[in-house]
Amino acid sequence: MSDFRQAEAVTETETVAPPVTEEVEEEVQKPIEGPPPGATTSLWSDAWKELRTSPLFLVSLGLVVLFIVMAIAPQLFTSTDPRACSLSNSLERPSSEHWFGFDLQGCDYYARSIYGARISMAIGVTVIGFAAILAVILGSISGYYGGWLDSVIARLTDIWFAIPTILGGIVILSLLGERGFFQVSFVLVILGWPTMLRLYRSSVLSVKEMDYVEAARALGASDFRILLKHILPNAITPVIIYAAISIGVIIAAEAALSFLGVGLQLPAISWGLMISGAQTRILQAPHLLLFPGLFLSLAVFGFILMGDALRDALDPKGR
Amino acid sequence: MATEAKESTKSSIEELEFNPHAPLLEVDDLHVEFRTRAGVVKANDGVTYSLGEGETMAIVGESGSGKTVSAQAVMGIIDSPPGYITKGAARFRGVDLLALPEDERRAFRGEKMAMIFQDALSALNPLFRVGWQIAEMYRQHRGTSKTEARKKAIELLDRVRIPAAKERVDSYPHEFSGGMRQRAMIAMALALDPEVLIADEPTTALDVTVQAQIMKLLADLQAETGMGMILITHDLAVVAEVTDRAAVMYAGRIVEQGTTKQIFRASYHPYTLGLMNSIASPEQKGTKLIPIPGSPPDLLHLPSGCPFHPRCVYAQDICSVDRPPLRDLGDNRKSACHFAEEVGTGAK
């Protein structure tokens, strides 16, 4: 914020004019020694400045980047094929050569934990991406136009809210014969969009009252342009924050559904499935629960922490 | 959103049959009401005025008198619901704007008529550079290319006398001082050379010194372009300085109309007179200012008859029964008072 004030002070050249008389005198024009162009500040660049020095954000960024790289290029972390298993190694405990030990099928557990990141991250990002798109489209219509359309959408989300995510997921997924990446993502999008929609709708409601929206209308901008250029950039912040937190929640939900046996199915490699497979042998082979659980917790923690840090940085009142 | 679509809306307003001899802007018996939960508020109740080329007209009044609403109605930016235009016309060169479909109205805004606002900081989008926002006017209405639009934005900033326009074009609104923001807003409004500019309290949020500069800038730009300007204000000093004609509004109606000189020489409505008496002037030094007694009426429960009668020193029995129409007093001036002549000649 201090840069903001400096910029204000430097640009304040107009107050040196003479007092009002019948004749308005020519204004004083002196060169402005403002910050050079490009060194300007905006909400996001201010936020970035704050985030760069926030340990919370740096830790979360590290975790998130780690898991994203893991999802994209698991080969960087392990050269072992997670599907190359040998029953002779079944349930072997962690050792110096195989840090995470082996599962029931005798597959290398470290490799499986690494490869498990891919599906979790993909589901998290896909679900939140689609939910956010739905939320922005419906929230724009609902918040900007209001009227009966708003009432219909609002009541619909109310009803949707009454369905608990996991229970709803169990019911819908157990009706579907095949349960892969698309089915699980679909169900989580279906169950996850109402919160985001409400968030974006209320944000639109407050932004549309701003003078710059009226000014844009007064200067001939179309509704579509107003929604895209004026409302969206100013109203999206809470959704971004919520999305970061929700990716973690969705990853956990996928794991929970897989654990309950209605999520992904073998031979898919996912942390949820690994934890599910560990449940009957917890005392016998605790490492089966420990490692995927640890990865899952760290990923969820990373996203939620990032959401928190973003909220702190983007909320101007918090500064 | 293809540029062809935009150009076609632009050409669609070019096809409208403008009558070059008709007044630039003519507002006729405009009625605007807001239907709220508490009841119907008649924000404009038969507002009539006209504006010529190169002319500056002031609409003066307290907050809640309906002056901004009348401008919004003319621009077509009243939120509906709760606002409804129930009657009247706003003719631009003979074409009734209120009867046009929304896409033609939209093409009108910015192109033929533009508006600037009281608080330029909140009227500029905080997330975009000032130059981008000005350039946007060209891109959305004319489909101008990015680099060309930017060049025009710099020219405009220069025209509204923002120093070092080339560097300033990349600043964000919060990096501008209050006066510069208003200049930027004016630049945006003037981008497409509108024929009518509505300035809604353009200087209220500014320092007195900056106020004068902005008013001078507006007057200069008007002289350059010959546009008609409606200045909405409650500042009588500004009215006296820059406007040709003035309309005084009270409770959604115009109560007095005339040239600025006439009105300042002698007010023919007790409300205008009250406004004049409540300004401080050097001649009155040492004497007390005379405020208008009472407070502005609740628009939901307007007094019967003349809405000003409970506060009026001239009020007689007839005033609480009969609503005085806006009468022509000759010499282009009008007053909505039963006793306009007595008020004007000071016969009390």
At 1.4 Å probe size, put A:Ser86, B:Ser295 in order of accessible surface, largest to smallest. B:Ser295, A:Ser86
For region B:102-190, state the average projected area of the convex hull of the C-alpha atoms over all orientations, rounded to one decimal in nm². 5.6 nm²
Under a point-charge model restricted to the Cβ atoms of Lys and Arg (+1) and Asp and Glu (-1), what is the dipole moment magnitude of region B:68-220 relative to its Cα centre, in debye to the nearest 20? 360 debye
If amide hydrogens are placed 1.01 Å from N in the peptide plane, which non-local residues have theirs closer than 5 Å to the one on B:Ala247? B:Ala58, B:Ile59, B:Val60
Using a 1.4 Å probe, how large is the accessible area of B:Ile232, given in Å² and rounded to the nearest 10? 0 Å²
Can you tell me the alpha carbon radius of gyration of the protein assembly as shown divided by the globular rule-of-thumb value 2.2 N^0.38 Å? 1.26
So for A:Trp271, A:Trp193, A:Trp148, what's the accessible-area order with a 1.4 Å probe, most first? A:Trp148, A:Trp193, A:Trp271
Residues with beta-carbon under 11 Å from that of B:Leu24, excluding B:Leu24: net charge, scoring Lys, Arg +1 and Asp, Glu -1? -1
Just the number, please: carbon plus sulfur as a percent of the accessible area of the protein assembly as shown, 1.4 Å probe, no ligands or DNA/RNA counted. 59 percent
What residues qualify as long-range amide H neighbours of B:Leu25, i.e. H under 5 Å apart, gap of 5 or more or another chain, H built at 1.01 Å from N? B:Leu51, B:Arg93
Would you tally the net charge around B:His234, using a Cβ to Cβ cut-off of less than 9 Å, leaving B:His234 out, and scoring K and R as +1, D and E as -1? -2
Taking both sides together, what accessible area is buried at the B/A interface, probe 1.4 Å, expressed in Å² and rounded to the nearest 100? 4200 Å²
Write down the accessible area per residue of the protein assembly as shown in Å², having rolled a 1.4 Å probe over the full set of protein chains. 45 Å²
How much of B:Lys166 can a 1.4 Å solvent probe reach, expressed as accessible area in Å² and rounded to 10? 140 Å²
Using +1 on the beta carbon of Lys and Arg, -1 on that of Asp and Glu, and nothing else charged, what's the dipole of the protein assembly as shown about the Cα centre, debye to 20? 1660 debye
Let me check I have the definition right: for region A:200-239, take the eigenvalues of the Cα gyration tensor, multiply each by 5, take square roots. What are those semi-axes in whole Å, largest first? 17, 10, 7
How big is Rg to Rh over region B:199-314, alpha-carbon atoms, Rh as the Kirkwood inverse-mean-distance radius? 0.99
With 16 Å as the cut-off, how large is the P(r) tail for region A:160-218, expressed as percent of Cα-Cα pairs? 58 percent
Using heavy-atom solvent-accessible surface (probe 1.4 Å) with all chains present, what is the largest-first order of B:His301, B:His31? B:His301, B:His31
Let me cross-check A:Val152: its accessible surface, 1.4 Å probe, with only protein heavy atoms counted, in Å² to the nearest 10? 80 Å²
Just give the residues from region B:174-218 buried by at least 30 square angstrom of accessible area in the all-chains context relative to the isolated chain, probe 1.4 Å, and say none if nothing qualifies. B:His174, B:Glu175, B:Ser177, B:Met180, B:Thr209, B:Ala212, B:Gln213, B:Lys216
Per residue, the convex hull enclosing the Cα atoms of chain B spans a volume in Å³ of 152 Å³
Binned Cα-Cα distance frequencies in region B:250-345 - 10 Å width, integer %: 16, 47, 30, 7
Please name which of A:Pro164, A:Val127, B:Ala165 has its Cα lying farthest along the dipole of the protein assembly as shown towards the positive end, using unit charges on Cβ (Lys, Arg +1; Asp, Glu -1) and the Cα centre as origin. A:Pro164
Could you state the angle between the C-alpha long axis of helix B:3-14 and the longest principal axis of the C-alpha atoms of chain B, as a value from 0 to 90 degrees rounded to the nearest 10? 40 degrees
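The values are calculated or read from the model by the stated rules, or taken from the named source; none is laboratory data. Keep in mind that what you see is a predicted model, and the values were worked out from it rather than measured. Here the Cβ is made from the backbone with ideal geometry for all residues, glycine too, and neighbour counts use every protein chain on show. In case anyone asks, the SASA skips ligands and DNA or RNA and just uses the protein heavy atoms, side chains included. Shrake-Rupley method; radii C 1.70, N 1.55, O 1.52, S 1.80 Å.
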